[in-house]
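The values are calculated or read from the model by the stated rules, or taken from the named source; none is laboratory data. None of these values were measured; they are calculated from a predicted model. All Cβ positions, even for glycine, are placed from backbone atoms using ideal geometry, and neighbour counts span all protein chains on display. For the accessible areas, the whole protein counts, side chains as well, though only heavy atoms, and no ligand, DNA or RNA atoms are used. Shrake-Rupley method; radii C 1.70, N 1.55, O 1.52, S 1.80 Å.
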Amino acid sequence: MSNTYLWNFTQLGVYNQFAGQEQVVYMIHWTLTGTSDTDPTISSQVYGSTNVTYAPGEPFTPYDNISYDQVVQWVETALGDRVDELRAALDQQIQDVINPPTANLLPPWQASPA
């Protein structure tokens, strides 16, 4: 299975002033969506927030110049191995839609005749 994954960032928490910089990102609110590789109408989502830390002296990107790819890198670095766990959970949820592990059936005496 090679489902596709897409990060969406709904909000960035910033310190207005921090370590001599302005609008320093410290919190990223995100949604990760997995979409089935076999049926693009099937997808699943997980959401959360991740703290990031700017250390004085590190390279700094002004808020207006932050790119999507940079935020993806920040989140994936902060989450570490948890990214693989999130993707695996999305894969399982997608697989459960394709091949449901459970069902709700009427009792056999109430089932309508075929």
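Can you find even one residue in the range 27-37 that is out of contact with any Phe, Trp or Tyr (no Cβ under 9 Å at 6 or more places or on another chain), at negative phi and either hydroxyl-bearing (Ser, Thr, Tyr) or without any contact (Cβ under 8 Å) to a residue 24 or more places away in the chain (or both)? The answer is yes, given that some residue of the range 27-37 is out of contact with any Phe, Trp or Tyr (no Cβ under 9 Å at 6 or more places or on another chain), at negative phi and either hydroxyl-bearing (Ser, Thr, Tyr) or without any contact (Cβ under 8 Å) to a residue 24 or more places away in the chain (or both).
Tell me the residue from VAL46, VAL97 that is in contact with a Leu (Cβ under 7 Å, 6 or more places away or on another chain) and on the phi < 0 side of the Ramachandran plot, please.
Numbers: VAL97 fails: in contact with a Leu (Cβ under 7 Å, 6 or more places away or on another chain).
Answer to the check: VAL46.
The selection criterion, being part of a strand (DSSP E or B), out of contact with any Lys or Arg (no Cβ under 9 Å at 6 or more places or on another chain) and within 26 Å of ASP96 (Cβ to Cβ), does not hold for LEU12.
Is it the case that ASP64 is modelled with pLDDT of 95 or more, open to solvent by 80 Å² or more (accessible area, probe 1.4 Å) and in a helix (DSSP H, G or I)?
Numbers: modelled with pLDDT of 95 or more: yes; open to solvent by 80 Å² or more (accessible area, probe 1.4 Å): yes; in a helix (DSSP H, G or I): yes.
It is true that ASP64 is modelled with pLDDT of 95 or more, open to solvent by 80 Å² or more (accessible area, probe 1.4 Å) and in a helix (DSSP H, G or I).
Restricting attention to the range 87-103 and to residues that are open to solvent by 80 Å² or more (accessible area, probe 1.4 Å) and of a type in the set (Val, Ile, Thr), the residue that is nearest to TYR5 (Cα to Cα) turns out to be VAL97. For ASP84, state whether it is surrounded by 10 or more Cβ atoms within 10 Å (Cβ to Cβ), free of Cβ contacts under 8 Å to residues at least 24 places away in the same chain and assigned to a helix (DSSP H, G or I). The answer is yes for ASP84.
For (1) surrounded by 11 or more Cβ atoms within 10 Å (Cβ to Cβ); (2) part of a loop (DSSP other than H, G, I, E, B); (3) touching a Gly at 6+ places or on another chain (Cβ under 8 Å); (4) at pLDDT 95 or above, each residue gets a yes or a no:
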position	(1), (2), (3), (4)
GLY57	no, yes, no, no
VAL72	yes, no, no, yes
THR77	yes, no, no, yes
LEU105	no, yes, no, no
TRP109	no, no, no, no
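Cβ separations smaller than 8 Å between residues 6+ apart or across chains give the following pairs from the range 60-80 residues that are in contact (Cβ under 8 Å) with a residue 24 or more places away in the chain to residues that are assigned to a loop (DSSP other than H, G, I, E, B) and surrounded by 13 or more Cβ atoms within 10 Å (Cβ to Cβ): PHE60/TYR54; TRP74/VAL52; VAL75/VAL52; ALA78/VAL52.
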